[in-house]
Amino acid sequence: MALRELKVCLLGDTGVGKSSIVWRFVEDSFDPNINPTIGASFMTKTVQYQNELHKFLIWDTAGQERFRALAPMYYRGSAAAIIVYDITKEETFSTLKNWVKELRQHGPPNIVVAIAGNKCDLNDVREVMEKDAKDYADSIHAIFVETSAKNAININELFIEISRRIPSTDTNPPSSGSAPNLLCDILKHFTLSWAKFELCAVPTDCALQTILKVYVESSTCFTEAEPILVCDIPRMHV
Amino acid sequence: MDALCSADPRPRGRPGEPPVCSCPEPGLGASPLPWARFSAWLECVCVVTFDLELGQAMELVYPYDFRLTEKEKTNICYLSFPDSYSGGLGDTQFSFRLRQSGGQRNTHFGDDGEYNREAPLTLQRESAHYFGYVYFRQVKDSSMKRGYFQKSLVLVSRLPYVNLFQSLLQLIAPEYFDKLEPCLEAVCNEIDQWPPPVPGQTLNLPVMGIVIQVRIPSRVDKPGSSPLKQFNQENLLPAPLVLPSVHELDLFRCFQPVLIHIQMLWELMLLGEPIVVMAPSPTISSEMVLALTSCLAPLKYCCDYRPYFTIHDSEFKEYTTRTQAPPNIVVGVTNPFFIKTLQHWPHLLRIGELKMSGDLPKQVKVKKLTKLKTLDTKPGIYTSYKTFLHKDKTLIKRLLKGIQRKRPSEVQSALLRRHLLELTQSFIIPLEHYIASLMPLQRAITPWKNPPQIRPFRQEDFMKTLEHAGPQLTCVLKGDWLGLYRRFFKSPNFDGWYRQRHKEMTQKLEALHLEAICEANIVAWMKDKSEVEIVDLVLKLREKLIRASCHHLPVKEETLQRVGLYIETIIGSLPEDLQTLLHHH
């Protein structure tokens with residue numbers, strides 16, 4: 001079964017429940033007294049989607065304003081962004097719209113955007129109407145769900161929907177998932193040939209970089225951190 | 001979660017996780033100690049800046065509660081900046097090593113022992129020194145009074161992982177200079193989620209939206225085996241940033257101006273000779289010193305070394321004194337003042353910016369020490385040292401040919417590293433054989449006597465073995481091997497190697513002794529023994545068990561349990577009053 005690594009980041013105001021959503025998805029647990037995230041925390045979870053395994057590399061970012069400027073490091077190279085708001089706090093929905101704008105301007109071009117209205121278990125203190133949020137999400141072609149990390153509502157569904165929206169490997173080659181594998185193959189191949197040909201007539205670093213650059217540039221939905229791969233080719237030892 | 005050794009999803013400071021303790025206090029983390037995971041990798045991160053009034057000044061130490069002594073702070077400040085005027089603008093990276101001052105300190109990191117037992121000797125955590133990994137930025141900035149922005153981000157660690165930490169700096173430092181403290185806070189918290197460095201494991205280390213993948217070498221790795229191959233065997237996923245090694249430098253690049261002198265440099269390092277490396281920049285100086293200390297692997301370079309050293313360092317006087325012979329140390333310096341201060345040292349390697357002659361890198365020449373006194377010293381190795389072994393011309397030819405054919409630097413480095421490895425192994429194998437022969441015979445180990453002694457190392461006996469089993473069996477290099485061994489016996493590297501082997505053999509003997517006790521018929525032995533002798537046996541066995549667990553002797557758990565049972569049996573055979581006494585003991 002093919003394995004694809006999908007970088008996903010969570011964005012949104014402080015206290016809306018980004019970490020709780022990730023915690024529910026990865027560990028299936030919930031803690032009402034969770035501490036604010038500092039910087040970001042990283043978790044992974046692999047799920048099967050059709051005939052593929054999707055390994056989500058989840059970057060759960062801090063919502064606090066002082067970490068605001070760090071966000072690009074986390075959405076850079078992401079296949080999907082989950083923007084979370086709190087249905088009981090109108091202002092968190094406004095923050096969400098700013099995140100959408102920022103992603104449109106600076107995010108990866110084909111990033112899948114998912115909007116999660118969290119804390120839907122608190123319906124009686126709701127401030128954001130579901131329909132308003134849904135209409136907004138539709139207008140920007142984003143995934144939309146209302147979730148409750150506390151009651152485990154729509155959390156898995158959210159990630160399944162992301163899997164569905166990510167271009168599949170069959171229809172859209174070269175796709176994000178196979179790219180790192182191919183890269184590794186290229187590197188392995190060269191390493192082997194170096195050994196075989198008595199260390200002569202090998203491609204230079206420069207040639208290798210060109211190959212990688214061409215490859216990276218041609219794969220539009222490459223999910224990894226492209227610039228780093230291009231300039232920091234793993235050093236090989238024969 | 002995946003079976004992969006990826007970061008634990010439990011960030012510090014989260015209460016109420018899968019319930020370990022019943023009622024977590026709010027605000028307390030799941031880790032037993034704050035920063036426990038962080039300190040498995042780093043001691044702290046420092047920001048050093050240039051203050052118009054103070055000069056170099058420590059702007060920030062993170063985590064805030066990490067304590068550096070004033071002396072350490074001052075040293076770090078000077079070691080994090082170029083020592084002499086450097087007009088170059090832009091970013092540079094270099095490394096230093098400094099002596100810890102103020103005695104042992106509690107680190108947040110619990111146990112060095114387990115890591116140090118499994119890591120290669122050359123990659124053990126330092127107990128009395130810190131490494132500093134520096135990213136220095138110097139750019140024009142009209143908003144600053146001085147007209148320049150000059151600042152260093154410094155990672156302070158006990159681990160000699162130069163490649164990992166310099167790669168990490170390359171990622172985080174530019175972001176830090178742009179986004180300042182929150183960025184540092186974020187990075188440190190991410191590092192605090194990293195799995196600990198376990199020898200033999202390939203780890204995924206997430207930081208700033210990227211996952212670094214790297215393998216921690218293990219003592220049981222075959223020397224010289226390719227890290228990439230090991231990586232494939234483990235069948236792990238490709239990660240965005242794969243580092244081929246935590247510690248290996250591009251040896252070929254570092255040694256470019258001295259390729260034809262590799263043999264001499266290897267010998268000087270093996271013998272622990274005092275060497276000054278005088279380089280045009282801290283980068284070149286620190287890389288050269290680290291390349292030199294790594295060229296003895298798998299033998300550990302046991303002397304002190306300073307990849308970059310300044311005139312302000314607190315050890316300056318100690319190293320430059322003329323009242324004693326120069327210490328066994330390699331120092332990398334950039335300030336020309338050192339030529340004057342260290343002119344009594346026996347070996348000075350002066351390197352300049354790399355120059356090409358045709359398409360080959362210009363090689364420095366060996367020069368007489370007397371030529372050193374001029375103010376503007378030309379590149380060269382200033383020494384009167386004559387090598388014991390002849391140089392390997394085929395290696396040099398091969399490397400030079402590789403340059404002409406534009407063979408990748410990685411491959412050239414691999415060739416060079418292999419050559420040095422084989423050279424060290426050829427040298428050390430006869431010593432390993434000889435020391436192994438000093439182990440007492442298995443049949444000399446009996447349960448009722450103390451374990452037999454390891455026979456003493458006699459240099460002349462060892463020399464006699466060389467005739468039949470010397471390095472000539474594995475190495476084509478001709479020369480005065482005997483002379484080289486004689487000099488080596490006087491060096492701290494021999495001492496370090498001998499102590500390590502002796503310790504391992506002693507522990508092995510103790511383990512074998514415990515096993516012999518296990519096999520013995522205790523009941524038969526006790527028959528004609530007095531109570532005093534039996535009580536004495538109980539106490540001795542107990543002591544042995546404690547030693548076994550304290551020193552992590554290579555004994556099976558089963559053996560330990562059996563010895564424990566024996567003790568119970570013996571105690572059971574004694575009168576009741578003695579039994580209670582021994583149980584309370």
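Summary table
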quantity: Largest to smallest accessible area among B:L168, B:L54 [probe 1.4 Å]; calculated: B:L54, B:L168
quantity: Contact order normalised by residue count of the range B:521-584, Cα under 8 Å, 6+ apart, percent; calculated: 38 percent
quantity: With DNA, RNA and ligands ignored, accessible area of B:S39 (1.4 Å probe; Å², nearest 10); calculated: 0 Å²
quantity: Whole-angstrom gap from the range B:259-292 to the range B:162-187, using each part's C-alpha centre; calculated: 29 Å
quantity: Set of lysines near B:K490 by C-alpha distance (under 18 Å), chain-local residues within fewer than 8 positions excluded; calculated: B:K300, B:K386
quantity: Set of lysines with alpha-carbon distance to B:K71 below 23 Å, sequence-local pairs under 8 removed; calculated: B:K151, B:K317
quantity: Between the range B:512-585 and the range B:363-405, the Cα center-to-center distance that results, in Å; calculated: 62 Å
quantity: Furthest towards positive pole of dipole, B:T506, B:L477, B:V211, structure part chain B, Cβ charges; calculated: B:L477
quantity: Size of the A/B contact, given as accessible area buried on both chains, probe 1.4 Å, in Å²; calculated: 4700 Å²
quantity: By average C-beta atoms within 10 angstrom, highest first, the peptides B:259-271, B:427-439; calculated: B:259-271, B:427-439
quantity: B:S157 accessible area, 1.4 Å probe, all protein chains in place, Å² to nearest 10; calculated: 0 Å²
quantity: When each of B:K340/B:K367; A:K55/B:K179; A:K55/A:K134; B:K508/B:K556 is checked by Cα-Cα distance, pairs over 21 Å; calculated: A:K55/B:K179; A:K55/A:K134
quantity: Gyration tensor verdict on chain B (Cα atoms; rounded if a/c is under 1.5, prolate if a/b is larger than b/c, oblate otherwise); calculated: oblate
quantity: Heavy-atom accessible surface of the range B:324-430: percent carbon and sulfur, 1.4 Å; calculated: 56 percent
quantity: Within-10-Å neighbourhood charge of B:P327 [Cβ basis; K, R +1; D, E -1]; calculated: -3
quantity: Cα-based convex hull, the range B:36-194, per residue volume (Å³, whole number); calculated: 119 Å³
quantity: Partner lysines for A:K131 [C-alpha distance under 25 Å; skip if fewer than 8 residues away on the same chain]; calculated: A:K18, A:K89, A:K97, A:K101, A:K119, A:K150
quantity: Highest to lowest packing among B:337-343, B:525-531, scored as the average C-beta count within 10 Å; calculated: B:337-343, B:525-531
quantity: Peptide A:53-61 - average C-beta neighbours from other chains (10 Å radius); calculated: 3
quantity: 222 nm mean residue ellipticity, helices alone, for chain B (DSSP H n ≥ 4; -39,500 (n - 2.57); rounded to 500); calculated: -12000 deg cm²/dmol
quantity: Zone of A:D132's modelled label, taken as backbone nitrogen in the range A:76-101 under 13 Å from a point 7 Å along Cα→Cβ; calculated: A:86-97
quantity: Relative contact order (%) - the range B:36-194, alpha-carbon pairs under 8 angstrom, separation at least six; calculated: 31 percent
quantity: Of B:K393/B:K464; B:K371/B:K393; B:K355/B:K406, those spanning more than 22 Å from alpha-carbon to alpha-carbon; calculated: B:K393/B:K464; B:K371/B:K393
quantity: Net dipole in debye of chain B [+1 Lys, Arg Cβ; -1 Asp, Glu Cβ; about Cα centre; nearest 20]; calculated: 3160 debye
quantity: Inter-chain Cβ neighbour average for residues B:199-209, partner chain, 10 Å; calculated: 4
quantity: Highest average packing first - A:63-70, A:80-87, B:464-471, Cβ atoms within 10 Å; calculated: A:80-87, A:63-70, B:464-471
quantity: Mean separation of Cα contacts under 8 Å (6+ apart) over length of chain B, as relative contact order %; calculated: 11 percent
quantity: Cα gyration tensor, the range A:2-165 - rounded (a/c under 1.5), prolate or oblate; calculated: rounded
quantity: Principal-axis tilt of helix B:459-469 within chain B, Cα atoms, nearest 10 degrees; calculated: 80 degrees
quantity: With Cα atoms, 0 to 90° folded angle of helix B:492-519 axis to chain B main axis; calculated: 20 degrees
quantity: Protein-only accessible surface order, largest first, of B:R407, B:R501, B:R487, A:R165 at 1.4 Å; calculated: A:R165, B:R487, B:R501, B:R407
quantity: Residue-averaged beta-carbon neighbours from other chains (10 angstrom radius) around A:28-41; calculated: 6
quantity: Nearest 10 degrees, 0 to 90: helix B:282-294 Cα axis against chain B principal axis; calculated: 30 degrees
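The values are calculated or read from the model by the stated rules, or taken from the named source; none is laboratory data. Since the model is a prediction, treat every value here as computed from it, not as a measurement. Counting neighbours? That spans all protein chains shown, and the Cβs are built from the backbone with ideal geometry, glycine included. Keep in mind that these areas ignore ligands, DNA and RNA; they rest on the heavy atoms of the full protein, side chains included. Shrake-Rupley method; radii C 1.70, N 1.55, O 1.52, S 1.80 Å.
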